[in-house]
Amino acid sequence: MAMRVYVVGGAVRDALLGLPVQDHDWVVVGATPEQMLARGFRPVGKDFPVFLHPQTQEEYALARTERKTAPGYHGFVFHTAPDVRLEDDLVRRDLTINAMARAEDGSIVDPYGGRRDLRDRIFRHVSDAFAEDPVRILRLARFAARFAEFRVAGETLALMRRMVDEGEVDALVPERVWQELARGLMERTPSRMVDVLRDCGALARILPELDAAWDAALAARIDRAAARPLALPVRFAVLLAGMDQEAIAALCKRLRVPADCRDLAVMTARELDAIGRAPALSAQEIVALLERSDGFRKPERFAQMLLAAECVECAASAAHGAFLLRALDAARAVNAGEVAARCADKAAIPAAVRAARVAAVAGVVSMQATSAP
């Protein structure tokens, strides 16, 4: 059998949708590892033969089949050989829209109806092999956040529910759940990801805190955040803003959420009420808010918290955030060194610095009161 090379998966899907293609996945049919090495490819695969192209450094995988041997998504045995057909490789993929290939002559190989489901905007599993890998539930939910106009086929949703009932999602490791959640939050419509996970019952198993807090208002908030070029920590803080701090801490610990996302989420939930009352706060209360939020050392994170609050509360918090940023600027403009130099008693320095900051913020508060309608 002659060696043939195909572009597969997302690159084919996105090209057919008229979207930019970022990366190419390649499958090689009819080749052995020795033939790949002879052509200058460099091996990098651990579980099955994957090679880097000598010029482009893109990954080329030999066509393979797989067999599940244990629960979860690590228990697979892979088989590669020159007689493995392209159709055998494609059938193991998750969705029909990701199970198409483009040959070197530009023709599309579509044995499982991917083009039809692209046209009809449907997520449909290729085969029952979908049920062998619980990560595919997370991936499908993430695709729903990217392609909000697509719906999940009835038979696919039923299969996902059966996977949940049979405990497959319980085998998901925290790092993978966080990875897919984070990627979904950076898509166009993150609420669709959560809706799909709720519809199949997976959300209650992997993110019970979010499942309990989810409602239409929260869905609107996270999509509002996604409509702006906001960083992942801000979007994550918006997602969890309706929870209490203990629930957020428990979720973050379980998923091993990175510290920047965890800290901003906890801080935002804690300070939402204060931000909402910002114009009514005294100068002392504002300085206390800045201290609690470590705004003097981390002004960028304080600004991120205000952006998250704005997505939660809309227009009112935008004005409140601008006011609090002016207060932060005034307080940070205080020269702590000069204040310290004027203190004969070194123990009195912290109180003196704080008093100077309160005085500076009082000027901002006074101006705010004067300009208020």
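Values quoted throughout were computed directly from the atomic coordinates according to the rules given, and no laboratory measurement underlies them. Everything numeric here is computed off the predicted structure, so don't read it as measured data. Here the Cβ positions follow ideal geometry from the backbone for every residue, glycine too, while neighbour counts run over all protein chains shown.
Let's test the formula: R0 of 41 Å, r as the Cβ-Cβ distance of Ala259 and Asp120. What FRET efficiency results, to the nearest 0.05? Intermediate values should be presented prior to the final figure.
Working: r = 43 Å, r/R0 = 1.05.
Efficiency computed from Cβ-Cβ geometry: 0.40.
Under 5 Å between amide hydrogens, built in the peptide plane, is the criterion, and for Arg64 it picks out Asp89 among residues at least 5 positions away or on other chains. Reducing segment 199-219 and segment 263-277 to their Cα centroids gives an inter-centroid distance of 21 Å. Of the beta bridges in the chain, as assigned by DSSP with both residues counted there, near 80 percent are antiparallel.
Using +1 on the beta carbon of Lys and Arg, -1 on that of Asp and Glu, and nothing else charged, what's the dipole of the chain about the Cα centre, debye to 20?
Details: 50 positive and 51 negative charges, 151 e Å.
So the dipole magnitude of the chain works out to roughly 720 debye.
What is the angle, in °, between the Cα long axis of helix 315-332 and the longest principal axis of the Cα atoms in the chain? Nearest 10 is fine, range 0 to 90. Compared with the principal axis, the helix lies near 60 degrees.
Helix-only mean residue ellipticity at 222 nm, the chain, DSSP H runs n ≥ 4 weighted -39,500 (n - 2.57), per residue, nearest 500. What is it? Per the formula, -16000 deg cm²/dmol. Amide H contacts of Val109 (H built 1.01 Å from N, in plane; Pro and chain starts excluded): Ala101, Arg102, Ala103 sit under 5 Å, all sequence-distant by 5 or more or on other chains. In the elastic network of the chain, a GNM with C-alpha springs shorter than 10 Å, the most mobile of Leu207, Leu290, Leu19 is Leu19. Counting every other Cβ atom within 10 Å of each residue's Cβ, Thr65, Thr370 order from fewest to most as Thr370, Thr65. Exposure proxy for Cys311, Cys261, Cys343: other Cβ atoms within 10 Å of each Cβ, ordered fewest to most, give Cys343, Cys261, Cys311. An oblate overall shape is assigned to segment 260-373, the ratio a/c of its alpha-carbon gyration tensor axes (a ≥ b ≥ c) being 1.5 or greater and a/b not exceeding b/c. By how many degrees, 0 to 90 and rounded to 10, does the Cα axis of helix 174-185 deviate from the longest principal axis of the chain? Its long axis makes an angle of about 80 degrees.
Could the peptides 126-136, 49-59, 160-170 be put in order, highest first, of the mean number of other beta-carbon atoms found within 10 Å of their residues?
Details: 126-136: 19.0, 49-59: 14.8, 160-170: 17.4.
By packing density, highest mean first, the sequence is 126-136, 160-170, 49-59.
For segment 108-121, 3J(HN,Hα) computed residue by residue from phi via the Karplus equation (6.51, -1.76, 1.60; θ = phi - 60°) reads 9, 9, 9, x, 10, x, x, 5, 4, 6, 4, 4, 8, 6 Hz, glycine and proline entered as x. For Arg151, the residues 5 or more places off, or on other chains, whose built amide H falls under 5 Å of its own are Ile122, Phe123. In degrees from 0 to 90, rounded to the nearest 10, what is the angle of the helix 283-292 Cα long axis to the longest principal axis of the chain? In the chain, helix 283-292 runs at an angle near 40 degrees to the longest axis.
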